[in-house]
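**Q** Submitted below is the structure of interest, expressed as structure tokens.
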Amino acid sequence: MILLALVTSFSMAFAQTWQETWSNMTKEEKMMKLRTFRDDNQKFLKDSLGMTSAQLKSIDSVNSDFLKGMNQINKSTGTDDEKLAKAKEIATKRGADLDSIMGVDKHALFTQYLYGKLKKSEG
């Protein structure tokens, strides 16, 4: 649920600007931006929250599965309400999986960290 709120907030607040900026980037620039974002997050998870390399690998796996699921939903047929229901379902599963890997408290701290990054990017 937290991820869904995060995704929704991000989408609404930054969609237009982000889309314009993102579409003007080359493939290499997009990859560098994504890599930097991931590296920053990995550093926070490791240094601030004490995640082990095994936990980081598990988190990556959960996130990869989540993104694949969201991509499948995006490509699927169905109403927006049906797609939203499916997205909520996989977001809930992702949240539970991250709680299991990190612990509820550290997952909450990571969520706060991400919200802070989003606020900062508002500029």
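All of the numbers you see were taken from the coordinates with simple rules; none came from a lab. Computed from a predicted model, the values in this text were never measured in an experiment. Because the Cβ atoms are built from the backbone with ideal geometry, glycine has one as well, and the counts that use them run over all protein chains shown.
**Q** Just to confirm my numbers, what's the Cα centroid distance between the stretch 35-60 and the stretch 66-123 in Å?
**A** The distance from the Cα centre of the stretch 35-60 to that of the stretch 66-123 comes to 17 Å.
**Q** Leaving out same-chain residues fewer than 8 places away, which lysines sit with a Cα under 24 Å from that of Lys57?
**A** Leaving aside lysines fewer than 8 places away in the same chain, those within reach of Lys57 are Lys30, Lys33, Lys43, Lys46, Lys68, Lys88, Lys93, Lys106, Lys117.
**Q** Take the alpha carbon gyration tensor of the stretch 55-98, find the square roots of its eigenvalues, order them as a ≥ b ≥ c, and report rounded if a/c is under 1.5; if not, report prolate when a/b exceeds b/c, else oblate.
**A** Since a/c reaches 1.5 but b/c is at least a/b, the shape of the stretch 55-98 is classed as oblate.
**Q** Oh, and also: By how many nm would the segment from Ser76 to Thr92 grow when fully extended, if each residue of separation counts as 0.36 nm and the alpha-carbon distance is taken off?
**A** Extra length from Ser76 to Thr92 when fully extended: 3.8 nm.
**Q** Right, something else. Suppose R0 equals 30 Å; then what is the FRET efficiency for Leu49 and Ser23 from their Cβ-Cβ distance, rounded to the nearest 0.05?
**A** Once the sixth-power term is evaluated, E becomes 0.35.
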